[in-house]
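In what follows, a single structure is set out as structure tokens and then discussed.
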Amino acid sequence: MKRIDPNRSSIAIVGGALAGAATAWHLVRLGYPGPITVFERDPGFARAATALSASGLRQQFSRAENILLSQRTLRLIRGRKTSFAAACDFSFRENGYLLLASQAGLATLRGNHEIQRRCGADIELLLPAELKQRFTWLDTGDIAAGTYGCSGEGWFDAMALLSAMHTDLREAPQVTFERAEILEIKTRSEHVTGLRLAEGVRPFDRVVIAAGANSGDLARSAGANLPVEPRKRTVFFFKARDCFADMPLTVDPSGLYVRPEGEGYITGISPGAEMDRRADPDDFEPEWAIFEEILWPLLAARIPAFETLKLQSAWAGHYDYNTFDQNALIGPLAEVEGLYAITGFSGHGVQQAPAGGEALAELLLFGEYRTTDCAAFSPFRVAERRPFAERNII
């Protein structure tokens with residue numbers, strides 16, 4: 001891929017949350033001197049996945065590419081090269097992830113663990129007796145094994161990271177932020193020419209789609225296929241009598257996850273395939289019935305102390321869900337020259353977007369990946385019908 005000429009190119013980034021901000025931040029860090037305009041329709045990020053996610057960071061994936069992307073984000077958060085608003089506290093709570101498997105999932109868990117260890121991830125495979133000894137609150141009666149992230153996994157304040165990036169970017173003279181809704185990506189002869197806003201068309205020769213769950217609709221306006229749509233996920237906050245300070249983000253074989261949050265816990269589960277459909281872009285009403293009907297029985301079975309608890313609140317957000325293979329889409333789109341994407345993370349965006357933005361910035365500026373090879377996440381795989389299979393989807 002050809003590198004861009006900063007003296008002749010102008011870059012528009014549609015979406016100012018973590019994926020878009022990270023791309024702009026890394027472009028500046030890497031020395032791109034040309035104009036960058038970041039468009040965001042919701043500058044308060046009230047509906048952004050960055051604000052509404054569980055903000056986890058894990059290395060427990062089944063594909064090396066996903067592991068390496070999360071490891072790079074971890075290094076970026078810890079290293080803070082070239083600011084990230086140096087005084088900001090990202091509150092990284094390194095409690096780890098605990099993924100549990102029944103006998104039916106044991107072979108997969110072992111295979112994934114081997115890949116994780118080859119990638120240098122500090123993950124232990126624990127048998128039921130070891131699990132019970134370390135996590136006394138856990139019911140292991142039907143558990144064959146679990147994998148636990150001893151270091152480099154946990155959760156952090158994603159909005160603090162986003163705020164730090166924006167603070168840095170506002171000091172960069174080539175970066176402009178605009179509050180606007182993009183109505184259409186304009187093209188001519190299969191090349192990007194600009195963006196249509198309510199007040200008219202603005203010329204750009206490079207456009208990055210970082211619009212989260214809205215990315216697929218925006219790409220279609222340019223005649224490009226980006227299989228991303230909104231899928232609603234509800235997060236519930238509850239309190240219980242017992243406080244387990246050592247609790248990792250625990251993932252049950254059922255798909256339920258739970259972790260500490262402040263003086264309580266948050267929990268959630270993805271709906272079954274038959275119920276998981278495209279969400280109304282304006283529907284952010286929590287699915288309250290999920291807690292009573294599904295989550296509470298599962299919580300009480302896995303962690304007996306949670307038989308008695310009190311639901312406090314809930315909120316809903318939208319995954320930028322990649323319907324093709326539920327993995328990130330990073331790089332140029334096949335149908336339109338000058339059109340790029342960083343989206344489709346399907347729930348992994350908070351932990352992968354900071355590194356994904358770096359990779360995309362390198363591709364734009366140098367024509368190649370230099371830090372983290374993201375070729376596996378190329379949107380070209382959609383046109384070529386080559387799904388990228390990841391077994392550890394939460």
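The values are calculated or read from the model by the stated rules, or taken from the named source; none is laboratory data. Since the structure is predicted, the reported quantities are computational estimates derived from the model, not experimental observations. Neighbour counts run over all protein chains shown; Cβ positions are idealised from the backbone, glycine included.
Residues are listed down the side, and each one gets a yes or a no for (1) without any contact (Cβ under 8 Å) to a residue 40 or more places away in the chain; (2) hydrophobic (A, V, I, L, M, F, W, C); (3) within 25 Å of P387 (Cα to Cα); (4) touching a Gly at 6+ places or on another chain (Cβ under 8 Å):
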residue	(1), (2), (3), (4)
A213	no, yes, yes, no
S221	yes, no, yes, no
L226	no, yes, yes, yes
F238	no, yes, no, yes
Problem set entry | Test: residue in region 111-131 that is within 17 Å of Y97 (Cβ to Cβ), in a strand (DSSP E or B) and under 19 Å from the mean Cα position of the chain (by Cα) | no
Exercise. A129 is checked against (1) free of Cβ contacts under 8 Å to residues at least 40 places away in the same chain; (2) small (G, A, S); (3) surrounded by 15 or more Cβ atoms within 10 Å (Cβ to Cβ) and fails just one. What number does that condition carry?
Worked result: (3)
Exercise. Filter region 200-246 for residues that are assigned to a loop (DSSP other than H, G, I, E, B) and under 22 Å from the mean Cα position of the chain (by Cα); which is surrounded by the most Cβ atoms within 10 Å (Cβ to Cβ)?
Worked result: A210
For this session: Mind listing just one residue for me: the one in region 345-394 that is assigned to a loop (DSSP other than H, G, I, E, B) and of a type in the set (G, A, S) and, of those, farthest from A21 (Cα to Cα)?
Result: A389
Exercise. Restricting attention to region 53-72, which residues are surrounded by fewer than 23 Cβ atoms within 10 Å (Cβ to Cβ) and hydrophobic (A, V, I, L, M, F, W, C)?
Worked result: A54, A64, L68
Exercise. Q326 fails exactly one of the following numbered conditions: (1) over 18 Å from S221 (Cα atoms); (2) assigned to a strand (DSSP E or B); (3) within 12 Å of the chain's Cα centre (by Cα). What is the number of that condition?
Worked result: (2)
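Looking at the structure I just gave you, is A85 surrounded by 14 or more Cβ atoms within 10 Å (Cβ to Cβ), more than 21 Å from the chain's Cα centre (by Cα) and at pLDDT 95 or above?
On the way: surrounded by 14 or more Cβ atoms within 10 Å (Cβ to Cβ): yes; more than 21 Å from the chain's Cα centre (by Cα): yes; at pLDDT 95 or above: no.
No, not satisfied.
If only one of T147, T193, T187 is touching a residue at least 24 places away in the same chain (Cβ under 8 Å) and under 20 Å from T37 (Cα atoms), which one is it?
Values: T147 fails: under 20 Å from T37 (Cα atoms); T193 fails: touching a residue at least 24 places away in the same chain (Cβ under 8 Å).
The conditions single out T187.
Sort through L183, L195 and tell me the only one that's crowded, with 20+ Cβ neighbours inside 10 Å and aliphatic (A, V, I, L, M). Spell out the reasoning first.
Values: L183 fails: crowded, with 20+ Cβ neighbours inside 10 Å.
That would be L195, the only listed residue that is crowded, with 20+ Cβ neighbours inside 10 Å and aliphatic (A, V, I, L, M).
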Exercise. Can you tell which of T147, T187, T140 is in the same structural domain as R202 (by TED's automatic domain parsing) and of a type in the set (S, T, N, Q)?
Worked result: T187
Exercise. Can you tell me which residue in region 30-52 is surrounded by the fewest Cβ atoms within 10 Å (Cβ to Cβ), limited to those that are out of contact with any helix residue (DSSP H, G or I) (no Cβ under 8 Å at 6 or more places or on another chain) and farther than 29 Å from T234 by Cβ?
Worked result: P33
